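The values are calculated or read from the model by the stated rules, or taken from the named source; none is laboratory data. No experiment lies behind these values; they were computed from the predicted model shown. Using ideal geometry, Cβ is built from the backbone for each residue, glycine included, and neighbour counts are taken over all protein chains shown. Remember, those area values only see protein heavy atoms, side chains included, never the ligands or the DNA or RNA. Shrake-Rupley method; radii C 1.70, N 1.55, O 1.52, S 1.80 Å.
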Amino acid sequence: MTIVTKSGKKYSAFVNTPKGDPRNPPTDEELENKFRSLAPFALPKAKMERLIKAIWNLEKLGSIRELMRLCH
């Protein structure tokens, strides 16, 4: 990417493996922070928190229905 300032200076950068690429995956904290920034547009805070907890503990869910119920 190249950015040109109003004064004409150019700044360029290239990222070979951007965040999210399989070779540069986001951390658990980054994933959770992104979810927390977007989920409030679709879910009440309490349900969002329950969904986060359920996702981090998928192996303990009795059924996928429990997870799906939290998504709406």
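Just one of the numbered conditions (1) open to solvent by 70 Å² or more (accessible area, probe 1.4 Å); (2) touching a residue at least 12 places away in the same chain (Cβ under 8 Å); (3) not polar (S, T, N, Q) is not true of GLU30; which one?
Of everything listed in (1) open to solvent by 70 Å² or more (accessible area, probe 1.4 Å); (2) touching a residue at least 12 places away in the same chain (Cβ under 8 Å); (3) not polar (S, T, N, Q), GLU30 misses just condition (2).
Does ARG69 satisfy the criteria of being in contact with a helix residue (DSSP H, G or I) (Cβ under 9 Å, 6 or more places away or on another chain) and of a type outside the set (Asp, Glu)?
Taking the combined requirement at face value, the residue does not satisfy it.
Here's a check for you: in the stretch 38-72, which residue that is over 22 Å from ASP28 (Cβ atoms) and basic (Lys, Arg) is least open to solvent (accessible area, probe 1.4 Å)?
Applying the filter and picking the extreme gives ARG69.
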